[in-house]
Amino acid sequence: MCGVLAIASDQPLTIDDRSLSRALERLASRGPDAQGRWTNKAGTVTLAHTRLAIVDLSAAGAQPMHDPRRGLTLVYNGEIYNAPDLRRRLEREGERFEGSSDTEVLLKALGAWGIERTLDALRGMFAFVLWNERERTLDAAVDHAGMKPLAWSFIGGVLRLASDCDALRAVLPERPSPDPHSLCLLLTTGSIPWPRTVWEGVCKLGPGQRLCWSPGREPKVEHWWSPPTEIDRSIEDADAWFESEWPGVLAEHTLGDVPIGLFLSGGIDSACVAAGLAEAGHRLTCLTLALDGKDDESAAAAETARALGLSHEVVPFAAPDVDAVLARASEAYDEPQAFGAILTATAIARAARERGKVFIVGDGGDEAFAGYRWHEYEFGPGPSPREVAIHGQRVASPDASGIARECALVAFAFTSPAIGYMQAVFPRFHPAEAATIFEPTGVSFTVREYAAQANGAYTPELPRPRRWQRHDILNFCASSILPKIDRASMGVGLELRAPFLDRRILDRALALPLGPDESDYGCPPVVSKGVLRRWIRPRLGDAILSRPKQGFSLRLGDRDIWRKRLGMVEESPLGRSGVLHDRWRNFVAPDAPFAESRAQAMCFLAAWSHGRL
């Protein structure tokens, strides 16, 4: 894992060295092992990189990396898991290599095959920027799921790209303002979905997107991959497919020249990873964090490790000081989120980094194999548009009652299937409430705009739960889960690998015909992750199947912990910036629906604003 930065123009650049240094300082945690920068002879392109050395620890893996024969220069963040196979193919075609890094494989592939063929061949997580000096073109892309981030801005004919918004802001000509529309999306969806960012004039690439640019032209963004939109009827036996595919995917996720560990919980997903690796003879050390109270899964994880013959370390982990972990999370996250899981991820990453540099995780199992509770739902028609509009008008007022706010959310959830899905994922603020909270900005944020976000990924021709799995990959996973994993881990120089999100898994899992334990209409009830359950049962027995699903948010004890901290909002740069309605507290009153979660969202945004607004 690494940090990348690129600046390109059709005219020679005048780059303030202090600004560039600040950007690289922001990216240093992503790549603490080395830094590099390069500017072409014309002075029109600068590429910079911070390195977390995982594959080929020598200088042969340093970046920016050049192919002088073709006039190519590359900066890249991620891991190409099938790099050894691609290297063999390239060698058969006459390519020669100086080192053993996956960066060099990517560079040679891009030069020999072009960007379209290379992207189709890659299996991994990545974000890269490639400059072609001969053709004077810049290509950038992120992986199919958007596991690795890339933000960009095009102002005054200058294209700037970076691994996070904070690094990008450091090299912008002027300090950007927060985007009021994005702030409303934060309160109503829990995160800021691509292509938007929290800043006006700054965008980010979404899952499976690429950007192309040449001097004198506007950047062009297009999809090179999208999740399946129809069922693959050629898959006659889902269990046989997974049995065949899973070992190879896992084997490639062990690529590296440093020790690799495994995050092991008491659940099915990480157990499938552990069992698959153990069967292949990979004896990785399992790490489990022992939490206080009923949420502790360390005993169940130890039982799984013993059954598989894997070494296992339990790390005692008391609930951290809330203010301290919130401050660390706010520093690590370049964009705000409203999900409590960011605190857990931040704290766990810090503890794990003391014990290793790379860990394999079970994240993505719920998305790939329908493990979330909302995958079971079907959201039917509800109130008329007129009724929904009336509810919205009522709750836009700071004087609305808690009951009125709850009724408005319920009515809103039944507006359409896609809106119902998004409300099941994050039911907090009604769009009309968010618009009033940020009313001083002059924002116009309506039900129609929220619906556009919800309906953009809706695929009614797919059966439930496949349509919601596809929606997850493009929305909840891309905008919340993956940024959570990336920012928490990269904030401490830790690489996390998620084999369930491998393209070979998603291409098939999201298109599987409905299994015997699934239904398009909830009768019989959906059994989550049936393929994984059937795969793990003969390996670990029935006990693991009956364990309750655990969330990923720390239980902080005090049920009013965020309400008691609402004073931090007024005292923060957010509160002093003038973007909040002077009666914003009415929207997080104790009688409001999800009152404590609403308070949490405001506290998270306020903490994030320090040093940024």
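A few points about this structure:
- Contact map, the range 568-580: residues that are closer than 20 Å to Ala435 by Cα paired with residues that are open to solvent by 20 Å² or more (accessible area, probe 1.4 Å) and β-branched (Val, Ile, Thr), Cβ distance under 6 Å, separation 6+ or inter-chain. Pairs shown: Val579/Thr441.
- Selection count where residues are more than 16 Å from Gly61 (Cβ to Cβ) and either modelled with pLDDT under 95 or outside any strand (DSSP E or B) (or both), scope the range 1-46: 25
- Filtered by the rule that a residue be aliphatic (A, V, I, L, M), in a helix (DSSP H, G or I) and over 22 Å from the mean Cα position of the chain (by Cα), the range 228-270 gives Ala238, Ala240, Ala251.
Residues are listed down the side, and each one gets a yes or a no for (1) modelled with pLDDT of 80 or more; (2) open to solvent by 50 Å² or more (accessible area, probe 1.4 Å); (3) aliphatic (A, V, I, L, M):
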residue	(1), (2), (3)
Ile505	yes, no, yes
Pro513	yes, no, no
Tyr521	no, yes, no
Arg537	yes, yes, no
Asp542	yes, yes, no
Gln550	no, yes, no
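- When Ser191, Ser163, Ser177, Ser182 are checked against the criterion of being hydroxyl-bearing (Ser, Thr, Tyr) and over 23 Å from the mean Cα position of the chain (by Cα), a single residue qualifies: Ser177.
- Pro259 meets all of the listed conditions (1) open to solvent by 10 Å² or more (accessible area, probe 1.4 Å); (2) more than 30 Å from Ala59 (Cα to Cα) but one, namely (2).
- When restricted to residues that are open to solvent by less than 10 Å² (accessible area, probe 1.4 Å), assigned to a loop (DSSP other than H, G, I, E, B) and over 25 Å from Pro195 (Cβ atoms), the range 464-502 contains 4.
Residues are listed down the side, and each one gets a yes or a no for (1) closer than 30 Å to Thr285 by Cα; (2) assigned to a loop (DSSP other than H, G, I, E, B); (3) of a type in the set (Phe, Trp, Tyr):
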residue	(1), (2), (3)
Asp366	yes, no, no
Pro383	no, yes, no
Arg386	no, no, no
Ile390	no, no, no
Glu406	no, no, no
Leu409	no, no, no
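- Among the residues making up the range 111-132, a single one is out of contact with any helix residue (DSSP H, G or I) (no Cβ under 7 Å at 6 or more places or on another chain), in a loop (DSSP other than H, G, I, E, B) and open to solvent by 10 Å² or more (accessible area, probe 1.4 Å): Gly114.
- Members of the range 190-227 found to be in contact with a Ser or Thr (Cβ under 9 Å, 6 or more places away or on another chain), open to solvent by 20 Å² or more (accessible area, probe 1.4 Å) and either among the acidic types (Asp, Glu) or not in a loop (DSSP other than H, G, I, E, B) (or both), listed by number: Arg196, Glu200, Cys203, Lys204, Cys212
- Flag if Ala319 is of a type in the set (Gly, Ala, Ser), modelled with pLDDT under 90 and more than 30 Å from Phe445 (Cβ to Cβ): yes
- Against the numbered list (1) at pLDDT 95 or above; (2) buried (at least 23 other Cβ atoms within 10 Å of the Cβ), Trp241 comes up short only at (2).
- Selection within the range 388-406 - within 12 Å of Phe429 (Cα to Cα) and hydrophobic (A, V, I, L, M, F, W, C): Val395, Ala396
- Any hit, the range 444-463, residues being over 24 Å from Asp366 (Cβ atoms), charged (D, E, K, R), without any contact (Cβ under 8 Å) to a residue 40 or more places away in the chain and surrounded by fewer than 21 Cβ atoms within 10 Å (Cβ to Cβ): yes
- Residue count, the range 184-208 (criterion: touching a residue at least 60 places away in the same chain (Cβ under 8 Å) and over 22 Å from Tyr421 (Cβ atoms)): 3
- All positions within the range 416-443 that are in a loop (DSSP other than H, G, I, E, B) and open to solvent by 10 Å² or more (accessible area, probe 1.4 Å): Ser416, Pro427, Arg428, Gly442, Val443
- Residue count for the range 133-168, restricted to those that are open to solvent by 30 Å² or more (accessible area, probe 1.4 Å) and either touching a residue at least 60 places away in the same chain (Cβ under 8 Å) or touching a helix residue (DSSP H, G or I) at 6+ places or on another chain (Cβ under 7 Å) (or both): 7
- Residue identified as polar (S, T, N, Q) and farther than 30 Å from Trp608 by Cα among Ser311, Ser265, Ser330: Ser311
- Residue within the range 89-103 that is over 24 Å from Ala42 (Cα atoms), out of contact with any helix residue (DSSP H, G or I) (no Cβ under 8 Å at 6 or more places or on another chain) and open to solvent by less than 10 Å² (accessible area, probe 1.4 Å) present: no
The values are calculated or read from the model by the stated rules, or taken from the named source; none is laboratory data. Just so it is clear, the model here is predicted, and its values are computed rather than measured. Every residue, glycine among them, receives a Cβ derived from its backbone with ideal geometry; neighbour counts consider all protein chains shown. Note: accessible area is taken over every heavy atom of the protein model, side chains too, but ligands, DNA and RNA are not part of it. Shrake-Rupley method; radii C 1.70, N 1.55, O 1.52, S 1.80 Å.
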